[in-house]
Structure formats: structure tokens, C-alpha cells
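K.L.:
Once you've had a glance at the structure underneath, I'll fire off some questions.
The values are calculated or read from the model by the stated rules, or taken from the named source; none is laboratory data. On a predicted model such as this, the values are computed, not experimentally measured, just so you know. Here the Cβ positions follow ideal geometry from the backbone for every residue, glycine too, while neighbour counts run over all protein chains shown.
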Amino acid sequence: MKPQASIRLLVAASGTGGHLYPALALADFLTATPSSQLTIPESNYQYHIEWLGVPDRMETRLVPSNYPLHTINVEGFQKGLGLGTWKIISQFFIGTWVVRRLLKKGNFDLVFTTGGYIAAPAILAARLLGIPVILHESNALPGKVTRWLSPWCTWVALGFQSAVDYLPRSRNIVVGTPTRSKFHDKSNDIAPSTHLVINDNSIPRNVPLIVVVGGSQGALAINQLVRECAPQWLELGVWIIHLTGEKDPDVNNLHHPHYISQPFFEDMAALFQQATLVISRAGAGSLTELAIMGTPAILIPYPFAADDHQTKNAQVFAEAGAAIFFQHSQLTPQVLTTEVIQLLNSPALLQQLRRKMYSLAVTDSVERLAQLLGESAPLPTN
């Protein structure tokens, strides 16, 4: 039997869960799946994966236990041009030089990135060395780096069909957005007779459950709004699981036996599976997970997201009839309280939202993306 050769892959993903979790889902799939199932049946290779990130971001907690992590100091132009512009530009060129040296020294065959400012030096460095680059863009409105640098990529893989309209070239392919394996592992489904347990609280299966999640960074504005609405929902026998993020100063302001507040919860698949309704921001990762689980949702996009891309994401789901969409400026406690009560009192509408959510799910996204990488990488030799 021939020894396995390696495809050396550098993953450039940094910052929020929206960038990191799809990349982690892909990396875990590539390392766990035999090469013969990925691309060419007679091939015999494995992936060696290393990671490119930024110091003091989520990847420093999530990545090192599984993949070697390299970091560079880069940041984006989220606040426009100003006094710090030259610093950002110099960081970009220095970062590109560092990544180029890393790619060359490590003999990397392929670069995969999920966009954001970490993608810019990774794409440019790979381009200078002639290394193929796959860029995955999960949002309906592609970010600036995707729009600017997509012509330099081998392929641009998209989470939304509507993103094609914003990109200048034809080498785009819609693959959906990869999600963590728990969202696909039916053996982990909660049995009808079991209860979801959080912090020693057992949530019965037959009660309405509202889950509130503000994305990987939390959402203080949604947290405050929900705490104003929650007493009326709780009076109806509803249970609430409120994931507040780690920076909410008012986290202990509401107490009720059916109200559970904590910064985050690891098994979001189980949580979304049991939820009657989710109140959420509109990050592409969260929307993908909601679609796969078929969970009805009220979406409140983060109004200060780059290019207001969360609004575009929410509009795609709302126009498909898969979610209820509100701009935060439209919401008052009374409006949100009434909307939730009306939904909870309308099983037919909840079921319709659930069906539409399912219809938007791309359940084989990670397989499609893995296939694309395998076809783009130079075939390794033993």
C-alpha cells in the first residue's frame, strides 16, 4: 500500500464565529474524511492543516488544540480613512510579507479563507507565489475584501445565491455555509422522552421554549429588549434560554425559575432543535444553523455590521417566508412582546416558518466545499 501524501493547507479565518466556525467545520471534515471520498477515488492523501489568525481573537481559544496557529497583526477599515490609515496599510504589507514567508517555508499547496481582513494578506501572498486560493463568503452581501480580491482567487464559494450579483467575475459557485458536525449528526438528536439540561435546569420537552442569541459576541441591545419583554412571556408558561455574551453588565437583573441566562452554550444544535422560537441577530452562520434545524426565528440584524450585511441576510430569509424580520429601530418592548405572543399562539404559522427554514438549508455544504478544495489543489505525489 502506498504511503499517504499530504496536501498542505493554510486556513486564514479570524475574529467572529461567523468566520471561524465554517472554517473549523471544513477543517475537521477534511482531517476526518478519507481522501478517496473527497475527490478522486483512487487518490491516497491526507490534509495537513495550519491556521492563520490574529492575536487576542476567538481563534486563539478555538484553534490551537487542533491545528498549529500562526498570527499576524492586521485590522480592517471599518471606521473609514483617518489618522490610523497608514498604520493599517503598513500592517497589511508587513502581514503579506510574513504570510508569503510562511507559505514558502511551509511548502503550502493551498489556501482557504472565509474573508474578513485576515483574508487580504493571505490572498495576496498566495497570489504572489502562484498558490491556489479558495475564498468562502457566507453573507448575502459580500464583504469588502471579497468584492475587492475575488478576481485573484481560484474560486469564490458562496453561502447565498444573491451574493453573485455583487461579484465581478464568473468563477463563483454557491455551496452554502459549512456548519459544525453536531448539526448533522442524527445520533445526537434529543429523544422525545429526554429533557434539555442547562446549568442543572431541566427544560421539559412539552413547553414553549424561546432561545435568545446575539451571535458569538452577544448583543447588549437585544439583551435589554428581551429582559423588558420576558416577564409577560413567562406569565404564559414559556421557558426562556438567554445567551447574553460575556460583556453584559445587567446579566443578573432578571430572576425567574423558567428564565435561564448564561454567556454562551456549547451545544447549539440541541438548543435549536428543542426551541419553539429563536430571537437572533442575522449572522450567516446562525442563519445556516437555524435553517438546518428548521427553527422558526425572529431576526434583528446588527445595524452596525459592515455594509449592513446582516440586513441583507435577514431579507433573504424573510422574503423566502422563513423568518420574521425587524430592524432594531422598528422594535419596542411592546412590539416584540406582541409579535412573540402571536407566534406562540399560531402553531400553523410556526410550522410554516419551520418548513420554509428547512427549504433554505444546504445540508451538504461542507462536502461541496471539500470537493472544490480537492479539485483546486495540486495532486500530491508520494
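K.L.:
Pick from the stretch 264-291 the residues that are farther than 16 Å from Leu209 by Cα and touching a Ser or Thr at 6+ places or on another chain (Cβ under 6 Å): which of them is surrounded by the most Cβ atoms within 10 Å (Cβ to Cβ)?
P.N.:
Checking each candidate, the answer is Thr288.
K.L.:
In addition: I'd like to verify a number: residues in the stretch 92-123 that are part of a helix (DSSP H, G or I) and more than 23 Å from the chain's Cα centre (by Cα), how many?
P.N.:
Of the residues in the stretch 92-123, 14 are part of a helix (DSSP H, G or I) and more than 23 Å from the chain's Cα centre (by Cα).
K.L.:
Can we say Ala370 is touching a residue at least 60 places away in the same chain (Cβ under 8 Å) and more than 17 Å from Leu299 (Cα to Cα)?
P.N.:
Numbers: touching a residue at least 60 places away in the same chain (Cβ under 8 Å): yes; more than 17 Å from Leu299 (Cα to Cα): yes.
So Ala370 fits the description; yes.
K.L.:
While we're looking at this one, here's another question. Collect the residues in the stretch 55-74 that are buried (at least 18 other Cβ atoms within 10 Å of the Cβ) and touching a Phe, Trp or Tyr at 6+ places or on another chain (Cβ under 8 Å), keeping them in residue-number order.
P.N.:
Glu59, Val63, Tyr67, Val74
K.L.:
Anything in the stretch 198-216 that is modelled with pLDDT under 80 and more than 23 Å from Pro333 (Cβ to Cβ)? List them, or say none.
P.N.:
The answer is Ile198, Asn199, Asp200, Asn201, Ser216.
K.L.:
Arg127: in contact with a Phe, Trp or Tyr (Cβ under 6 Å, 6 or more places away or on another chain) and charged (D, E, K, R), yes or no?
P.N.:
Yes; evaluated as a whole, the condition is true for this residue.
K.L.:
Is there a residue being exposed (fewer than 13 other Cβ atoms within 10 Å of the Cβ) and either at pLDDT 90 or above or not assigned by TED's automatic domain parsing to the domain that holds Glu266 (or both) anywhere in the stretch 43-50?
P.N.:
no
K.L.:
Quick one: is Ala126 crowded, with 18+ Cβ neighbours inside 10 Å and either over 21 Å from the mean Cα position of the chain (by Cα) or in a loop (DSSP other than H, G, I, E, B) (or both)?
P.N.:
Spelling it out, Ala126 is indeed crowded, with 18+ Cβ neighbours inside 10 Å and either over 21 Å from the mean Cα position of the chain (by Cα) or in a loop (DSSP other than H, G, I, E, B) (or both).
K.L.:
Scan the stretch 286-342 for residues that are assigned to a loop (DSSP other than H, G, I, E, B), of a type in the set (Phe, Trp, Tyr) and without any contact (Cβ under 8 Å) to a residue 60 or more places away in the chain and jot them down.
P.N.:
Matches in the stretch 286-342: Phe304, Phe326.
K.L.:
One residue is enough: does the stretch 101-117 have a residue meeting the conditions acidic (Asp, Glu) and closer than 28 Å to Lys312 by Cβ?
P.N.:
no
K.L.:
So Leu30 ticks every box in (1) out of contact with any Lys or Arg (no Cβ under 8 Å at 6 or more places or on another chain); (2) at pLDDT below 75; (3) surrounded by 14 or more Cβ atoms within 10 Å (Cβ to Cβ) but one. Which box is left unticked?
P.N.:
(2)
K.L.:
For the stretch 47-66, which positions are in a loop (DSSP other than H, G, I, E, B) and without any contact (Cβ under 8 Å) to a residue 24 or more places away in the chain?
P.N.:
Hits for the stretch 47-66 are Pro55, Asp56, Pro64, Ser65.
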